Amino acid sequence: MSKYLIENLKYSQKAVKEKTAGRVIAAFVVNVDGTLSDIEMIRGASPELDVETLGVISIIPKWIPS
């Protein structure tokens, strides 16, 4: 998952310009079929980073049990 997030998270132009940084913590449930639900922000860093994080998490492909 870390690799997926690193490859897909993109800083907005505003976040880059303002040198916005921080740690965003989100929670979600992995359902039996591998989809994610109940995605929620636990701790945000800024509105731009929070929206991007939730957006990327919402399009994560189905998880496959290993």
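Just a few scattered comments:
- If you go through region 19-28 and keep only what is open to solvent by 80 Å² or more (accessible area, probe 1.4 Å) and touching a residue at least 12 places away in the same chain (Cβ under 8 Å), you end up with just 23.
- Residues in region 52-62 that are loosely packed, with under 14 Cβ neighbours inside 10 Å and either of a type outside the set (Val, Ile, Thr) or closer than 11 Å to residue 9 by Cα (or both): 55, 58, 61, 62.
- Residue satisfying all of: in region 1-51; in a strand (DSSP E or B) and acidic (Asp, Glu); farthest from residue 66 (Cα to Cα) among these: 40
- Whenever a residue of region 31-46 is open to solvent by 60 Å² or more (accessible area, probe 1.4 Å), it has no partner that is part of a loop (DSSP other than H, G, I, E, B) lying with C-beta atoms less than 6 angstrom away and at least six residues away or across chains.
- For residue 15, the stated conditions hold: it is modelled with pLDDT under 90, open to solvent by less than 60 Å² (accessible area, probe 1.4 Å) and more than 12 Å from the chain's Cα centre (by Cα).
The values are calculated or read from the model by the stated rules, or taken from the named source; none is laboratory data. Keep in mind that what you see is a predicted model, and the values were worked out from it rather than measured. A quick note on method: Cβ atoms are made from the backbone with ideal geometry, for glycine too, and the neighbour counts reach across all protein chains shown. These area figures cover heavy atoms from the full protein model, side chains too; ligands, DNA and RNA do not enter into them. Shrake-Rupley method; radii C 1.70, N 1.55, O 1.52, S 1.80 Å.
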